[in-house]
Amino acid sequence: MYRVIIADDEEYVRELLPKWINKANLGMEVVGVAEDGEQALDLMETLSPDILITDICMPMVSGLELIKAIQEADNFIKTVIISGYDDFSYAKTALGLGVTDYLLKPFLPDELCKVLNKIKEELDNKEMLLNNMQDMQSQLEDNLMYIQERFIKNIIEMPFEQENVFEEGKKIKIDLEAKFYCVGVIRIQSNLGSKRWDFKNQKKVEDFLVIIKDGYFEDDLRHYAVSFKDSQLTIVFCGSQPNQVEFYSSISRGIEKINQSLKKYYDMRVFCALGKAYCKWEQISDSYKQAFDILKASLNHEGCILRWSDAMDTSGQKESIICKKPEQLEKDMLLNIKMGSKEKAVENLNAILKYYEGLNMKAAEFVNISLMELIFAISGVVKEADNHLPIWEDDYIKHYLENDIASKSLLDAQLVLEKYVNRCCDAFSHIAEKQSDKIIYHVKALIEHNLANEEFNLENASAQLFFSPHYIRQLFKQKTGEGFMEYLIRRRMETAAELLKDPKYKILDVALSTGYSNQRYFASCFKKFYGCTPTEYRS
């Protein structure tokens, strides 16, 4: 909607023209009328119109003087002059001043509409041209950001395939000429919980850089950031400090300032893993890999910065650690999931992740495989309990396995797996509610978990469920038709029979796995149950 001001000293004109314009539906709105040129100038300043319709001869300030004032103010306003036949010489002067068109009194509404339609077409074309120019400028800026992002990523991923790096960088406003180079990988997380700053696209990176652009990093420290490996913020630092110590210190001071501001204004904290500082730009890639390894192996670091040298000092103390899974913790977690105990299951999960954090950084592949196996173990017990549960419709866990497990940190694993464990606990609670008796379900879960525990008995199960042994004994017999010990022995014998089918298990191993430390006693119990010895059964 284009804005129109009318200036004329004749009242009937000031009343008639707005009615004509509004009735014609020209996409224009009369926002003000003035009875002289001076009043029109005041309206021009306050209302910012697109079109001025003015009489030439007015008191105080004439139409010509009004047009000259508009030109001096550099206002790109379309002007239409109204003049009588006797004033036509003035009209010619106005046309020389750049007036768009003129109307001779008296004129009809159709004549006014014809002039205004012509002006509207010119304004539409002008607006389209400006929009096109803005689009072009925006595309240029977007393309420049994309080119800069691709340039930095290529330096990190394929440094030895790049040529004339300094010259090519300057063409896209990136200055890589420096004495030292270092890469930092940033993680930002809310102090209130699991909410995190999402760096999945370069636009989020740009938003973050707008926040930190002023006053955080010193003038002699340049930095270029990209979104990398889906959601990491990776920053390449270039500096010409006197030595590496001062270079590192300059980066650290900037990161610490950012951390303080985020805590104060956003209630978030930053963690930055810094790779080693190098003197050659080709080693930017090495610095990135080191920073990534630090971040991936971290669960929850107290400070906001961890340098490669510090991580290596800690890692050197872990050289003797043997890579093996925390099997008991995993068993406890699976049991608590079966019991629907969210708090205990998540506590077990966090202990498992803390254990993996304590391994050497070189164990990253082992940790990835172990986490994957843990997820399959969880889904396995759910499927075993109820094959109809849509557990693999869990989009978060599928995305994590397909895209994130190799590139994300232990903290990312914690955020994903905590939700997954909670959902599985809910699923098991639902399973238990569907069964005839929740207590019997829990008793059976405890028995399965303790088949190898020779000391496990009715009293142990009762204590864990907070019921008396007598009550559990009666309820179990009533619901299952078997006594507690009868059911426990049957499950041990059935499990032993399954294990005996696999020749890799020795009979002693089978006995220990089913709660018998004495092999002879095991053989005696087995023969009583199946009518043959374990050796005969295996044959």
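Throughout, read-outs are computed from the coordinates displayed, never taken from laboratory work. In this text, all values refer to a predicted model and were calculated from it rather than measured experimentally. All Cβ positions, glycine included, derive from the backbone under ideal geometry; neighbour counts span all protein chains shown.
Descriptive notes on the structure:
- Cβ-based exposure ranking for 504, 331, 264, in which fewest neighbours within 10 Å come first: 504, 264, 331
- Exposure proxy order (Cβ contacts within 10 Å, fewest to most) of 533, 234: 533, 234
- Ranked for footprinting exposure by Cβ neighbours inside 10 Å, fewest first, 113, 425 give 113, 425.
- Three-way shape label, region 1-85, alpha-carbon gyration tensor, a/c 1.5: oblate
- Its Cα centre serving as origin, region 2-127 has a Cβ charge dipole (Lys and Arg +1, Asp and Glu -1) of approximately 480 debye.
- Placed amide H near residue 7: partners under 5 Å, 5+ positions off or other chain: 34, 53, 54, 55
- Mean separation of Cα contacts under 8 Å, 6 or more apart, over the residue count of region 2-127: relative contact order %: 22 percent
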